[in-house]
1. As an exercise, identify the GluC sites (Glu not before Pro) in the stretch 636-738 lying in DSSP coil whose Cβ has no more than 15 other Cβ atoms within 10 Å.
2. Determine the relative contact order of the stretch 342-422: mean sequence separation of Cα pairs under 8 Å and six or more apart, normalised by residue count, in whole percent.
3. Please say if the stretch 606-724 is rounded, prolate or oblate, where rounded means a/c under 1.5 for a ≥ b ≥ c the square roots of the C-alpha gyration tensor eigenvalues, and otherwise the choice is prolate for a/b larger than b/c and oblate otherwise?
4. On a 0 to 90 degree scale, rounded to 10, what angle separates helix 559-576 from the longest Cα axis of the chain?
5. Using only the alpha-carbon atoms, how far is helix 669-690 inclined from the longest principal axis of the chain? Give it as 0 to 90 degrees, nearest 10.
6. Which of the trypsin sites (Lys or Arg not before Pro) found in the stretch 315-373 are in a DSSP loop and have at most 14 neighbouring Cβ atoms, other than their own, within 10 Å?
7. Averaged per residue, what accessible surface does the stretch 101-255 expose to a 1.4 Å probe, in Å²?
8. Once you have a ≥ b ≥ c as the square roots of the Cα gyration tensor eigenvalues for the stretch 275-428, tell me rounded if a/c is under 1.5, and otherwise prolate or oblate according to whether a/b is larger than b/c.
Amino acid sequence: MLRCLRPVATALLFSAAVASLAHADIALSERGYFEKRGLNVLVFSNVYDGLFSDAKIAGVELIHHGQRTATNGDVRLAPTPGQWDAAPQIVERKVDAASGVITAHLRYPDHEFDFIVRAEARGDAVVLSVELPKPVPAALVGRAGFNLEFLPSAYFRRTFLMDNHSGNLPLYPASAMTRTSDGALEPLPLATGKSLVLAPEDQQRRVQLVSSSGDISLFDGRNQAQNGWFVARTLLPADRTGRVVEWTLTASTVPDWTRPPVIGRSQVGYHPADRKVAVLELDRHDPPAETVRLLRVEPSGKFTEALAGPATRWGAYLRYEYATFDFSAVREPGVYVIEYRGTRTAAFRIAADAYADIWHASNDVYLPVQMDHMFVNEAHRVWHGDPHRDDARQAPVNHEHFDLYAQGPETDTRFQPGEHIPGLNIGGWLDAGDFDIRTQTNYHVVQQLVHVWERFRPTRDQTTIDQSRRFVDIHVPDGTPDILQQIEHGTLQLLAQHRAVGHAIAGIVEPDLGQYTHLGDAASKTDGLIYDPPLAPGQSDGVRSGTPDDRWAFTTETSALNFGSTAALAAASRALRGYRDELAEECLATARSVWEREHSRPPKLFRHGNTTGGIVEDEEFRAAVELLLATREAAYSERARALWPTVRARMDANLPHAIRALPLLGADFRAELADAARAFSEQVADLRKQNPYGVPIHTGGWAGSTQVMRFANAAYLLHREFPEIVNDEAAFDGLHYILGRHPGSELSLVSGVGTQTKEVAYGSNRADFSFIAGGVVPGVLILKPDFPENKEDWPFLWGENEYVVNSGPDFMFLAHAAHDLATRRK
């Protein structure tokens with residue numbers, strides 16, 4: 001630890017470090033945050049959303065030269081709080097435009113502890129303070145402090161100054177740890193003093209904090225969690241009220257700083273017959289140039305102008321101005337770049353096969369890597385061993401899990417809490433960047449893979465998948481279409497649930513946070529041996545062990561999960577016929593049986609988090625459609641038609657299923673779907689007025705690439721069925737959004753697909769700042785009120801960067817759809 005001296009005139013000692021701080025005044029803007037050119041200071045524009053606890057999007061935040069570099073300015077109860085540590089609840093936020101002050105009243109209800117965070121513009125600085133109506137509760141003395149967290153990747157390879165001492169901001173965590181009086185681990189500070197300057201050498205990142213009350217300590221939160229941030233912290237004093245902490249925050253800015261333009265376009269390129277429109281995202285201080293150029297790249301490396309045209313103003317959206325550049329007239333195949341006011345894009349193609357193989361990485365790499373209960377090899381690399389052979393123990397009753405699972409008052413099985421449930425250690429995919437099997441995700445994957453198979457029949461075989469050996473070898477063909485083997489793999493897990501407990505379950509997940517936060521090889525997370533309580537911890541007979549590390553099965557029965565599983569099994573029965581006939585028969589028999597049972601009793605409506613199934617009517621509608629397609633029986637047609645008025649409003653989710661069954665739903669149903677197609681077309685027209693990308697852009701705590709893909713897939717199916725009502729442009733708009741034409745950046749949101757793609761993502765290998773080819777990230781998160789963000793240098797923001805397995809098949813369908821549409825154009 002670096003303990004700093006207390007110079008009488010601290011500011012004088014810092015004069016050299018801060019001499020180049022820009023002194024333009026900062027002011028409270030009409031957008032509800034403090035602003036000057038190159039800097040925004042947000043004060044509780046965003047709050048903890050409660051979905052996945054602390055998402056590093058809350059409190060006082062800094063957007064510095066176009067990058068969010070600080071967050072979670074708030075009173076916290078630890079030096080480097082983690083995702084599940086206590087966070088306060090917002091009571092009230094006030095913006096006083098007249099005085100230039102923002103206040104946020106917050107509370108820790110468990111401790112009856114209220115406080116106010118106050119922010120005031122003062123010249124070129126923002127003064128941050130904490131005010132207490134009552135003293136800090138005795139239990140929180142020494143724990144409650146005012147924190148401000150700084151993004152490590154924004155400060156890699158930079159230094160800091162604390163009073164009259166200096167240090168390096170570490171690239172990798174290596175600071176000292178200590179144990180508190182109650183045995184908990186905490187980092188020791190890198191430095192302590194009255195005045196802290198981060199990155200004094202870098203005008204675009206320099207930030208100074210000066211405390212007029214207690215000391216500021218600088219911590220590195222990454223010793224305890226790879227997603228930790230650098231934290232500046234001042235402890236709240238005991239036995240005091242009123243203003244107990246005051247910091248003056250100053251950040252340097254480049255005079256007249258202007259954010260470089262972002263030229264959004266498809267990173268994989270375009271078919272010659274495509275409508276080709278780039279979207280230019282411009283700083284509002286940057287008047288648009290008159291001309292944009294499309295340059296053809298010659299074999300010699302020479303750039304030849306293929307087209308010069310105007311940047312057509314679209315208007316304001318979020319915090320930026322937007323313009324478009326239409327180069328549809330250029331149809332000649334080749335390699336091109338776009339140039340705008342000195343900014344030149346990476347190269348992209350115009351080619352008849354532009355979309356033909358863009359789904360391969362998802363099929364060949366991403367889906368195999370996500371396979372649970374399989375050893376997955378790729379050439380000289382092992383992605384993971386055979387995980388979770390010890391699945392699974394019955395979850396305890398009346399238990400709420402930290403990852404949105406819950407067990408109700410009964411097990412709804414014949415097993416006692418903690419007892420091993422045999423037969424669940426087969427099939428399924430790891431849900432996302434973590435290692436649970438979320439049934440709702442798994443059955444969507446099965447359904448969408450079946451839909452890809454039935455419509456496009458891709459016979460690509462690049463992976464060996466051997467269920468008998470529990471072995472996968474990537475880039476090694478085995479003579480069977482990969483997609484059929486993936487459908488089989490998902491089906492095996494869904495059937496295993498019905499075999500084991502008689503119904504679908506919410507999922508299988510780690511019992512404690514220590515295992516849940518595991519990074520790396522999933523097979524090393526448990527010992528693979530069935531837990532046997534009579535054995536001592538660490539003791540094993542080679543089959544069982546005394547280590548209770550087995551995952552838990554959450555088994556509360558719900559009608560929504562049963563219908564969702566039924567839909568997937570019915571769909572799989574069609575695809576597997578001729579490949580795994582016995583399995584296909586079991587799928588259909590199970591689907592029929594569950595359907596009959598669900599209609600013989602009142603629905604089971606237990607709901608918790610996002611793991612207990614979708615809207616039950618939606619799930620039942622899909623089950624009816626898939627059973628209808630599998631059996632051609634009128635009872636399923638009648639039920640689907642009866643449910644349609646209820647589910648129609650959720651068009652992106654349910655229209656595709658209705659279209660697939662259209663020939664079996666009666667001639668008059670076509671007119672109903674035509675009405676829905678007109679409503680969809682009106683939605684598309686409205687979206688083109690709302691944003692320059694023409695797609696539904698989600699504004700919640702999880703970015704919306706999945707919603708965009710499902711919107712685009714619905715548009716494709718509607719266009720194919722009702723071309724006179726819905727044109728094909730919405731499908732391409734959705735594809736191009738995923739492939740780079742979106743706010744905030746120009747990267748393809750599919751890792752490894754396109755020229756510039758997501759190379760740092762929230763997969764199982766996120767600690768290595770790496771990616772899994774073919775995985776689709778959530779994408780652009782819209783931080784309130786107006787900031788689009790997708791971090792490329794920091795993988796740990798799950799709402800922006802976490803792969804979820806169902807997004808892979810959604811993209812596979814969209815890629816096939818785009819290729820189909822493109823080849824039909826003239």
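1. Of the GluC sites (Glu not before Pro), the ones in loops of the stretch 636-738 whose Cβ has at most 15 other Cβ atoms within 10 Å are Glu724.
2. 19 percent
3. Judged from the Cα gyration tensor, the stretch 606-724 comes out oblate (a/c at least 1.5, b/c at or above a/b).
4. 60 degrees
5. Compared with the principal axis, the helix lies near 20 degrees.
6. Sparse-neighbourhood loop trypsin sites (Lys or Arg not before Pro): Arg331.
7. Result: 38 Å² per residue.
8. Verdict is prolate for the stretch 275-428.
The values are calculated or read from the model by the stated rules, or taken from the named source; none is laboratory data. Since this is a predicted model, take the numbers as computed values, not measurements. Neighbour counts run over all protein chains shown; Cβ positions are idealised from the backbone, glycine included. Please note that ligands, DNA and RNA were not included when accessible areas were found on the heavy atoms of the full protein model with its side chains. Shrake-Rupley method; radii C 1.70, N 1.55, O 1.52, S 1.80 Å.
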